[in-house]
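Visitor: Below you'll find the structure I mean.
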Amino acid sequence: MRWVALLVMGFILGFVVAQANFPKPEGQLVKATVIRVIDGDTIEVRIGQGSPVRVRIIGYDAPERDEPFGDTATKFLKALIEGREIMLESDVQALDRYGRRLYHVWLPQTLLSELMLLSGLGRQMTIPPSIKHVDFLTQAQKQGREIGLGIWGK
């Protein structure tokens, strides 16, 4: 299953590279290591030597595990980032109503939300006032629908 996720990721990264309008982080980035993936849009990270922190990824909403593609979204995210170093970019709102920290997650040169939207493993979701990258993510979802993977499949 892991090779399938990596194959799909390779396709998506190739598609992303072909695009001309890349987003750039706005502001300071914080380096973190992903301890575990909880579901398709929630992770647990360690920042420096600190205690584990639960993070809700800004920019998309993945299906829940009991919904179609929910388990796939979780497995795909695990294959992408579990055990790896990522960069966290804050936005206006620091916490959600469940006490999770809210961050945009960056892989080298790539906004993770974009990959999930292009893969059809989430729907674009931006809750004001945290609207950095909203235009870019709206476009990524449109492209994801055109690709037709995951929730956008025929």
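Visitor: Given a 1.4 Å probe and every protein chain left where it sits, what share in percent of the accessible area of the range 74-154 is carbon and sulfur? Intermediate values should be presented prior to the final figure.
Guide: Numbers: 2040 of 3930 Å².
It is 52 percent, rounded to a whole number.
Visitor: Starting from the amide H of Met125, placed 1.01 Å from N in the peptide plane, find each other amide H under 5 Å away whose residue is 5 or more places distant or on another chain.
Guide: Gly59, Tyr60, Asp61
Visitor: Considering only DSSP states other than H, G, I, E and B, which chymotrypsin sites (Phe, Trp or Tyr not before Pro) in the range 95-145 qualify as loop sites with at most 11 other Cβ atoms within 10 Å? Spell out each step's value before the answer.
Guide: On the way: sites: Tyr98, Tyr103, Trp106, Phe136; in loops: Tyr98.
For chymotrypsin sites (Phe, Trp or Tyr not before Pro) across the range 95-145 that sit outside H, G, I, E and B with at most 11 neighbouring Cβ atoms in 10 Å, the list reads Tyr98.
Visitor: Now for a separate question. Taking amide H positions as placed in the peptide plane 1.01 Å from N, state which residues far from Ile131 in sequence (5 or more) or on other chains have amide H under 5 Å from it.
Guide: When sequence neighbours closer than 5 places are left aside, the close amide H contacts are Val92.
Visitor: I need the helices of the chain that pass two filters: whole DSSP H segments spanning 15 Å or more by Cα along the axis, and mean Kyte-Doolittle score no lower than 0.0.
Guide: Once both thresholds are applied, what remains is 2-17, 70-81.
Visitor: Please compute the contact order of the chain in relative form: average sequence separation of alpha-carbon pairs under 8 Å and at least six residues apart, divided by the residue count, as a percent.
Guide: Details: 279 pairs, mean separation 35.7, N = 154.
About 23 percent, as a whole number.
Visitor: Calculated from the structure, Cα extents along the principal axes in Å equals which of (1) 57, 33, 25; (2) 42, 39, 30; (3) 42, 31, 27?
Guide: The calculated read-out lines up with (3).
Visitor: Can you tell me which lysines have their Cα less than 16 Å from the Cα of Lys132? Leave out same-chain residues fewer than eight positions away.
Guide: In chain and number order, the partners are Lys24.
Visitor: Cut-off 10 angstrom, C-alpha nodes, Gaussian network model of the chain. Which of Glu26, Glu64, Glu89 fluctuates the most?
Guide: Maximum fluctuation in the GNM of the chain, among the listed residues, is at Glu26.
Visitor: Same structure again: What are the ³J(HN,Hα) values, in whole Hz, obtained from phi via the Karplus relation 6.51 cos²θ - 1.76 cosθ + 1.60 with θ = phi - 60°, for each residue of the range 91-106 in sequence order, with x given for Gly and Pro?
Guide: So the J values, rounded to whole Hz, are 10, 5, 8, 8, 10, 8, 5, 9, x, 7, 6, 9, 9, 7, 10, 10.
Visitor: Around Glu67, with a cut-off of 12 angstrom between Cβ atoms, what is the net charge of the other residues, counting Lys and Arg +1 and Asp and Glu -1?
Guide: Values: positive: Arg65, Arg123; negative: Asp39, Asp61, Glu64, Asp66, Asp71.
Net local charge, Glu67 excluded: -3.
Visitor: In sequence order, what are the phi-derived ³J(HN,Hα) couplings for the range 120-128 according to the Karplus relation 6.51 cos²θ - 1.76 cosθ + 1.60 with θ = phi - 60°, rounded to whole Hz, with x for glycine and proline?
Guide: Rounded to whole hertz, the list is x, 10, x, 10, 4, 8, 10, 10, x.
Visitor: I would also like to ask the following. Would you rank Ile38, Ile131, Ile86 by solvent-accessible area, highest first, keeping every protein chain in place and using a 1.4 Å probe? If you can, show how the numbers build up before the last one.
Guide: Working: Ile38 35, Ile131 90, Ile86 0 Å².
The ranking, largest first, comes out as Ile131, Ile38, Ile86.
Visitor: Here is a follow-up. For the chain, what is the mean residue ellipticity at 222 nm derived from helices alone (per DSSP H run of n ≥ 4: -39500 (n - 2.57); sum divided by total residues; nearest 500 deg cm²/dmol)?
Guide: Taken over the chain, the calculation gives -10000 deg cm²/dmol.
The values are calculated or read from the model by the stated rules, or taken from the named source; none is laboratory data. Just so we're clear, the structure is a prediction, and the values are computed from it rather than from any experiment. Cβ sites come from the backbone with ideal geometry, for glycine too, and all protein chains shown count toward neighbours. These area figures cover heavy atoms from the full protein model, side chains too; ligands, DNA and RNA do not enter into them. Shrake-Rupley method; radii C 1.70, N 1.55, O 1.52, S 1.80 Å.
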